[in-house]
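Just below is one structure, and these are the notes that go with it.
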Amino acid sequence: MVLIWGIPSESPIQRLLDELDTLDQPYLAVSQRHFAETNLHLTVDASGTLGGELAYQQRTYPLDAFTGVYLRLTDENTLPEYRCLAADDPLRTHAHQLIQSLTLWTEWSGCRTVNKLSAMASNNSKPYQAQFIRQCGFLTPDTLITNEPAEVTAFCQQHNDRIIYKSISGVRSIVQTWQANGDADKLALVRHCPVQFQRQVEGFDVRVHVIGELCIATRITAQATDYRYALQQTGESAQLSPYELDDDLSARCVDLSRTLDLDFSGIDLRIAPNGSVYCFEVNPCPAYTYYESHTGQPIAARLAEYLSGHDNYYRRVWQL
């Protein structure tokens, strides 16, 4: 049985459930919003094996019945059911302890998990993650992280004002082009919070979804600085199409995902005109349905097979 834990109305979870149904694979979808109806009890036997049981909506499931887990958790503070609780409500403590128990079990039980919360944490700091990106043979753009306006000015001059800026953390931000003249009034704001500035790299974008040892790559063509917001930035939507990676690049993507301990990842690349490959970041919980809906690539199907333990099956199907 596969365990899915998150907000079932989100499209990545909906698509995964559709494909699990197609496989006739049993699953349990736990809504994070129903934390009041959820309990997770952990045990350790004489051999040190971590086990226990999950109670959800008046039914109980032994944890060793789950062979795969898909986590797409939301910050509990954003849940309406949580926010309405009084500060001293015991349910607040219960919700917190529930995620702690889930984290402990998925970290130590050995159950195939997409993805462990500890592995997802690498994206909380882009500078930290960039070290692993370079170790796996990818280029990264020249980067400045600063809250000193004078350093921003010097960096822009060094790179002929071909600069973009974005958040350092894992919180989604819109990548913007820095306009040396038009954004001059923003320089003082940099003092309030360090910002990441990077040399703008020419070329086209490729998103690679790595599932185990399988890569599904999508080429994105857009005039926008951030193709996710191409319509807002340029008035024209980004164009997405399947893209074939060579064996070396595919192997490096798998190696990067494995190095970050991710069973499923979304790797953002840019292929420069001279063929050089830059990696911007690795998303540990990718919203893959955006790419799948534009290209028809079977990302959800391959993910469902992986969680179901059909490794040989999904490799064979993809190679046909």
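The values are calculated or read from the model by the stated rules, or taken from the named source; none is laboratory data. Just so it is clear, the model here is predicted, and its values are computed rather than measured. When we count neighbours, we look across all protein chains shown, and the Cβ atoms used for this are built from the backbone with ideal geometry, even at glycine.
Conditions (1) buried (at least 18 other Cβ atoms within 10 Å of the Cβ); (2) farther than 16 Å from Glu281 by Cβ, marked per residue:
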position	(1), (2)
Asp142	no, no
Thr153	no, yes
Ser167	no, no
Gln179	no, yes
Gln196	yes, no
Could you check how many residues of region 235-261 are touching a Ser or Thr at 6+ places or on another chain (Cβ under 8 Å), modelled with pLDDT of 95 or more and part of a loop (DSSP other than H, G, I, E, B)?
2
Can you go through Arg15, Arg59 and tell me which one is charged (D, E, K, R), out of contact with any His (no Cβ under 6 Å at 6 or more places or on another chain), surrounded by 13 or more Cβ atoms within 10 Å (Cβ to Cβ) and modelled with pLDDT of 95 or more?
Arg15
Within region 3-79, which strands (runs of 3 or more DSSP E) (wholly inside it) include 2 or more residues that are closer than 19 Å to Thr113 by Cβ and in contact with a Leu (Cβ under 7 Å, 6 or more places away or on another chain)?
27-31, 38-44, 50-56, 68-72
In contact with a helix residue (DSSP H, G or I) (Cβ under 7 Å, 6 or more places away or on another chain), outside the structural domain of Asp263 (by TED's automatic domain parsing) and surrounded by 11 or more Cβ atoms within 10 Å (Cβ to Cβ): is that true of Thr38 in this structure?
yes
Restricting attention to region 112-128, does a residue exist that is part of a loop (DSSP other than H, G, I, E, B), under 20 Å from the mean Cα position of the chain (by Cα) and within 17 Å of Leu73 (Cα to Cα)?
yes
For region 198-213, check the following and say yes or no: at least one residue is modelled with pLDDT under 85 and in contact with a Ser or Thr (Cβ under 8 Å, 6 or more places away or on another chain).
no
With respect to Thr103, is the statement that it is outside any loop (DSSP other than H, G, I, E, B), β-branched (Val, Ile, Thr) and exposed (fewer than 15 other Cβ atoms within 10 Å of the Cβ) true?
no
